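Peer 1: First the structure, which I've put down as structure tokens, then a few questions once you've had a look.
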Amino acid sequence: MEDLQNIQSRVMQAISDASDLAELDQVRVSALGKKGEVSLLMRTLGSMSPDERKKFGPRLNTLKDELNKAVLLRREALETELLNTRLASETLDVTLPPLSRPMGSIHPVSQVFAEVTAIFADMGFVTATGPDIETDFYNFTALNFPPKHPARDMHDTFFFEPKEDGTRKLLRTHTSPVQIRTLQAAARQAEKSGSELDPIRIIAPGRTYRCDSDQTHTPMFHQVEGLVIDKTTHMGHLKGCLQDFISAFFERDVSSRFRPHHFPFTEPSAEMDIGYERKGDEILIGQGEQWMEILGCGMVHPEVLRLSGVDPDIYQGFAFGVGIDRLAMLKYGIPDLRDFFACDQRWLQHYGFSPINQPNLATGLS
Ligand code: DAH
């Protein structure tokens, strides 16, 4: 009996002295485990006389129960302690400044697309799109390129393998095919509803492809096409519209001139030049003695209208096409076009734009 008393106080002490869960478990195993002190005593019950067993049995059981209970309580206490230290060490100070995270930037091409779209949207243009993979018909024939016309070669077209019937697809060399798709859709709609052609005022931004590569040419580049068709739009509208566009885009007064040119899909055709001057290494767009070609334009050729099902005796209008990458290089002083598509983080950090400021005419384009 005295031994039991000793065991009880010793183990109880060890339990309350255990400073962590592992230590507590050691104490438990050495007393109550299979080969533990108390378990071994339990085994001696079998060899006792019935009287002794009557005396010791309940006492031993009580001891076991009490030790088990003490272990359980101590374990709970230790676990609570552990949780509290964790909670204390993991508190958040919400008054600390936020961690800075790397933020991506808007690519100059995306920026210029957004700027151009904002300007033309303000003039009532909507955005149209077409596929990058085109047919010869949309890219050339419907735009009034004669079958063996050298302009087809001039475009340095990427062709796909010809199909069995001899036709072959190609990567569009310009965004002008979207003109055709837009005219056709408008003509179909007019025919279906039996009414006049709805006036067309679209821009078509997108990727274009030519087999070409140097400092100012890449095999993939970007253009915006414009198309205005109604009954009265004339060359004066074209000039005013493009003059307004260029000044809005460069965010200053830009002098311009329209020089006669040739495109199969417009008549008359022109190239628009803008004034600039060179100051050292810099090109200052706006005024100045020098002229630089900036875009192609003209009145849509009657044959183009006819081929798309629009009556050129009733409807007329203008079209233009402008290189987006070139606009970006000029406005933001970027010297080499090939860097646009090199995916160099440092270049993007330097020439990219904040994703938070979207270009608009109210608060400024750039
Ligand atoms: N498609 C021409 C090119 O890529 C650009 C162009 C010129 C488009 C005159 C037009 C236009 O719509 O009227 O070189």
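Peer 1: Pull out all pairs, ordered by first then second residue, where Cβ-Cβ is under 6 Å, the residues are six or more apart or on different chains, the first lies in segment 190-211 and is within 12 Å of the ligand (Cβ to nearest atom), and the second is of a type in the set (D, E, K, R) and part of a loop (DSSP other than H, G, I, E, B).
Peer 2: As it stands, the answer is THR208/ARG172; ARG210/ASP156, since those pairs meet every condition given.
Peer 1: Starting from segment 304-325, keep only residues that are closer than 15 Å to ARG188 by Cβ, then list their pairs with residues that are away from the ligand (no atom under 15 Å from the Cβ) and assigned to a strand (DSSP E or B) whose Cβ atoms are within a distance under 9 Å, requiring at least 6 positions of separation or different chains.
Peer 2: TYR315/ASP230
Peer 1: Give the residue that is nearest to the ligand (Cβ to nearest atom), with candidates limited to residues of segment 212-237 that are modelled with pLDDT of 95 or more, charged (D, E, K, R) and part of a strand (DSSP E or B).
Peer 2: Here the answer is GLU225.
Peer 1: Output yes when any residue across segment 244-259 is open to solvent by 60 Å² or more (accessible area, probe 1.4 Å), assigned to a helix (DSSP H, G or I) and either in contact with a Phe, Trp or Tyr (Cβ under 6 Å, 6 or more places away or on another chain) or within 16 Å of the ligand (Cβ to nearest atom) (or both), and no when none is.
Peer 2: Within segment 244-259, none of the residues are open to solvent by 60 Å² or more (accessible area, probe 1.4 Å), assigned to a helix (DSSP H, G or I) and either in contact with a Phe, Trp or Tyr (Cβ under 6 Å, 6 or more places away or on another chain) or within 16 Å of the ligand (Cβ to nearest atom) (or both).
Peer 1: Right, something else. Given the residues GLY333, GLY317, which is the only one that is within 16 Å of the ligand (Cβ to nearest atom) and more than 13 Å from ILE106 (Cβ to Cβ)?
Peer 2: Of GLY333, GLY317, the one residue that is within 16 Å of the ligand (Cβ to nearest atom) and more than 13 Å from ILE106 (Cβ to Cβ) is GLY317.
Peer 1: Here is a further query. Take the conditions touching a strand residue (DSSP E or B) at 6+ places or on another chain (Cβ under 9 Å), within 12 Å of the ligand (Cβ to nearest atom), over 16 Å from THR266 (Cα atoms) and in the same structural domain as ILE229 (by TED's automatic domain parsing) and apply them to THR167. Does it pass?
Peer 2: Taking the combined requirement at face value, the residue does not satisfy it.
Peer 1: OK, next. Can you name the residue in segment 272-285 that is surrounded by fewer than 19 Cβ atoms within 10 Å (Cβ to Cβ) and at pLDDT 95 or above and, of all such residues, is nearest to the ligand (Cβ to nearest atom)?
Peer 2: Among those that are surrounded by fewer than 19 Cβ atoms within 10 Å (Cβ to Cβ) and at pLDDT 95 or above, it is ASP273.
Peer 1: Output the residues belonging to segment 257-290 that are of a type in the set (A, V, I, L, M) and in contact with a Lys or Arg (Cβ under 9 Å, 6 or more places away or on another chain).
Peer 2: Selection gives ALA270, MET272, ILE274, LEU284, ILE285.
Peer 1: Select the helices (runs of 4 or more DSSP H) contained entirely in segment 90-154, then report the ones holding at least 1 residues which are open to solvent by less than 50 Å² (accessible area, probe 1.4 Å) and away from the ligand (no atom under 16 Å from the Cβ).
Peer 2: Hits in segment 90-154: 108-122.
Peer 1: Just one of the numbered conditions (1) buried (at least 18 other Cβ atoms within 10 Å of the Cβ); (2) in contact with a Pro (Cβ under 6 Å, 6 or more places away or on another chain) is not true of ASP230; which one?
Peer 2: (1)
The values are calculated or read from the model by the stated rules, or taken from the named source; none is laboratory data. Values in this document were obtained by computation on a predicted structure and should not be read as measured data. Heads up, the Cβs are rebuilt from the backbone with ideal geometry, glycines too, and the neighbour counts pull from every protein chain shown. We work out accessible area using only protein heavy atoms, side chains counted, and drop any ligands, DNA or RNA first. Shrake-Rupley method; radii C 1.70, N 1.55, O 1.52, S 1.80 Å.
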